[in-house]
Amino acid sequence: MTVGGLRLTAAQATVRYLAAQLVEGTDGRPVPYFAGCWAIFGHGNVAGLGEALQASQDALPTYRAHNEQAMAHAAIAFAKQARRRRAMVCTTSIGPGATNMVTAAALAHVNRLPVLFLPGDVYASRRPDPVLQQVEDFSDGTVSANDCFRPVSRYFDRLTRAEQILDALPKAMAVLTDPAACGPVTLAFCQDVQAEACEYPEDFFAPRLWRVRRPPADPYDLADLVVRIRGARRPLIIAGGGVLYAGAEALLADLGAATGIPVAETQAGKGALPWDHPSNLGAVGVTGTGVANAAAAEADLIIGIGTRLQDFTTGSRALFQGAARTLVQVNVAVHDAAKQGAVGVVGDAGAVLAALAPLLAGWRVPADWTRALAGPAADWDRAWQAAMAAPEGNALPTDAQVLGALWRQAAEDAVVVCAAGGLPGELHKLWRVRRPGGYHVEYGYSCMGYEIAGGLGAKMAEPARDVHVVVGDGSYLMMNSEIATAAMLGLKLTITVLDNRGYGCINRLQRATGGAPFNNLLADTRHATLPAIDLAAHAASLGATARKVADIAALEAALADARSGTGVHVIVIDTDPAASTAAGGAWWDVAVPEVSDRASVRQARAAYDEKTKDQR
Ligand SMILES: Cc1ncc(C[n+]2csc(CCOP(=O)(O)OP(=O)(O)O)c2C)c(N)n1
Ligand SMILES: [Mg+2]
């Protein structure tokens with residue numbers, strides 16, 4: 001095959017192209033867009049992409065992991081911590097290696113995070129069919145295991161000819177770097193095609209600088225928003241991840257200070273303002289602060305900026321109760337701007353905030369709205385102090401008390417990483433973010449097993465910051481293998497494991513919906529003997545400096561040790577599975593059975609039916 005120019009295999013050409021894609025670094029100088037390639041080799045990528053990566057390690061470093069899903073978590077966390085300005089590549093063998101990555105693809109898809117997947121695929125020639133690990137479809141010869149990636153990729157292609165990359169790779173880059181379309185790209189790479197040579201034009205490999213577009217809003221929509229804000233009695237901004245991805249936190253801080261409009265934060269948007277900014281009411285929604293939820297319930301104008309409005313933000317659409325309230329959605333993606341009947345303002349969060357500032361000059365939020373929130377803010381501060389304080393007595397600590405210890409011991413610019421279990425809710429409510437980027441919680445897919453691999457990716461993105469992973473015993477046991485990878489790479493991570501001996505938050509949810517404690521805490525499962533799992537010994541076996549601590553004081557001492565240490569530190573502490581912070585919060589729609597022999601279920605259903613009346 002001839003296109004004219006350099007004779008390379010499709011895999012060699014792909015690696016060469018990927019290494020030539022650049023973005024502006026934080027200092028303005030170009031840096032590679034792809035920080036590296038995670039790889040677990042097998043048949044389907046070792047001979048093709050493996051050979052190409054080996055020869056290009058200076059231009060595109062390769063990292064080996066222990067699990068394909070976990071390596072993809074690390075890649076995605078890298079992109080999240082880099083605020084989508086940079087990304088990583090992941091390559092796997094065909095079959096199980098590839099499908100191991102599908103859950104991570106969904107995670108990136110939900111969270112709108114860029115990552116390039118290059119799973120190996122079956123032979124385009126079909127000569128050896130069925131090749132080892134090939135999924136055989138009885139009615140469709142074009143189906144392979146990689147078709148699982150289609151619904152969880154923003155862009156999907158199967159490379160069945162070597163010259164296809166000339167078209168597929170620029171399209172992949174366009175999707176990865178587009179603020180609205182951003183998400184996972186999957187290029188399923190047929191294994192014979194990886195090895196096939198072709199003449200590629202030399203200019204295909206010329207360095208190319210990508211810039212993330214920051215589209216402004218339509219002037220009509222902007223003017224309409226200004227009229228609505230000026231006419232509002234009780235406006236509230238809800239800041240989502242889009243504020244951080246747009247790098248717009250200073251613009252939001254300035255607008256908040258100039259106008260006095262209060263700001264509440266979603267999980268992805270947490271840290272958009274420093275916790276002590278006068279406008280910051282903290283977390284909103286199911287895991288929100290008392291004051292933010294009071295504001296959300298009473299606001300007459302809610303302006304979502306860069307938020308997907310998932311059910312935790314809206315209290316399953318029962319939280320925003322203000323009479324005749326208007327919902328405005330400022331979003332770079334028209335799909336989000338149109339949600340829930342919102343008035344859409346399609347544009348980049350930063351561009352819209354910058355445009356609003358002069359149009360609102362001299363205007364301030366009505367003083368009675370500011371006054372109305374002062375009491376709930378003081379109440380919330382007291383609730384926060386009570387939840388985060390070190391416990392008195394010998395009771396097992398709560399998750400919140402562990403977070404209190406961590407918050408007191410963490411460096412100013414530390415990054416906290418979490419994803420699933422009871423901790424994300426407690427973090428959302430209680431963690432006070434001191435510096436932008438200090439809060440990294442994956443709560444779009446809330447995927448157990450993200451935490452440790454995610455911490456590794458976050459550390460690779462910002463090596464100068466301390467990264468603190470907080471993780472439950474359930475998530476720890478689901479995916480912990482990248483402790484070994486972090487140790488091998490000499491990266492410093494501090495992992496605090498909260499061992500409540502089971503799936504504590506789901507047990508609480510089960511109880512709250514009238515269910516009997518069943519199959520969540522280890523004690524409530526079918527067992528011959530109850531396991532006493534030594535998580536510290538386990539972590540030590542993977543290369544961590546690990547210890548178990550008896551109480552909050554010992555935890556603080558261990559965290560202080562870890563702070564001055566190197567490598568991976570794992571600190572295990574037993575916690576109370578029953579406790580969570582009662583203050584704040586809002587209703588969450590979890591459907592309760594309509595009929596049941598259990599009176600507690602029937603009771604929970606009646607309460608559920610009542611609450612659904614608030615949904616709008
Ligand atoms: C991959 C995956 N499987 C299942 C779930 C559902 N789930 C959410 S939290 C949870 C329990 C987590 O247990 P643990 O990490 O110990 O945290 P805890 O609830 O005890 O705080 C489960 C099963 C999930 N979010 N992700
Ligand atoms: Mg647990």
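Annotations for the structure displayed:
- Size of charge dipole - the chain - debye, nearest 20, with Cβ of Lys, Arg +1 and Asp, Glu -1, no other charges: 980
- Residue (of Asn100, Leu373, Thr177) at the positive-pole extreme of the chain, dipole from beta-carbon charges: Leu373
- Rounded tilt (10° steps) of 599-612 against the dominant C-alpha axis of the chain: 90
- Dipole in debye (nearest 20) - the stretch 187-281, about Cα centre, beta carbon charges: Lys, Arg +1; Asp, Glu -1: 820
- Acute angle (nearest 10 degrees) that the helix 552-564 long axis makes with the longest principal axis of the chain, alpha-carbon atoms: 40
- Per residue, the chain reaches -10500 deg cm²/dmol at 222 nm when only DSSP H runs of four or more residues are counted, each adding -39500 (n - 2.57).
- Asp379-Arg563 pseudo-label distance in nm [points 7 Å out on the Cα-to-Cβ vector]: 3.4
- Cα-based shape type of the stretch 253-387, given that a ≥ b ≥ c are square roots of the gyration tensor eigenvalues and the cut on a/c is 1.5: oblate
- Full-extension gain in nm, Arg161 to Gln57, via 0.36 nm per residue minus C-alpha separation: 34.9 nm
- For the pair Ala324 and Ser125, the difference between a 0.36 nm per residue extended length and the Cα-Cα distance amounts to 65.4 nm.
- FRET efficiency estimate (nearest 0.05) - Cβ-Cβ, Arg371 to Ala553, R0 30 angstrom: 0.15
- Residues whose amide H falls under 5 Å from that of Ala283, counting only those 5 or more places apart or on a different chain, are Glu265, Thr289, with hydrogens built in the peptide plane.
- In this Cβ point-charge picture (+1 for Lys and Arg, -1 for Asp and Glu), the stretch 467-571 has a dipole of about 160 debye about its Cα centre.
- Vicinal HN-Hα couplings computed from phi for the stretch 456-463 (Karplus, 6.51 cos²θ - 1.76 cosθ + 1.60; Hz; Gly/Pro x): 4, x, 5, 5, 5, 6, 9, x
- The distance between label points at Ala258 and Ala540 comes to 5.8 nm (points 7 Å beyond Cα on the Cα→Cβ vector).
- In this simple spin-label model, placing a label point 7 Å from the Cα along the Cα-to-Cβ direction at both Arg228 and Arg526 gives a separation of 5.3 nm.
- Contour excess over end-to-end distance, with Cα ends at Glu202 and Ala386 and 0.36 nm allotted per residue: 59.8 nm
- Inter-part distance where the stretch 133-184 and the stretch 480-520 are each reduced to a Cα centre, Å: 33
- Close amide H pairs (under 5 Å, H built 1.01 Å from N) link Asp121 with Phe189, Cys190, Gln191, residues at least 5 positions away or on another chain.
FYI, it's all coordinate maths here, none of it is from the lab. Keep in mind that what you see is a predicted model, and the values were worked out from it rather than measured. When we count neighbours, we look across all protein chains shown, and the Cβ atoms used for this are built from the backbone with ideal geometry, even at glycine.
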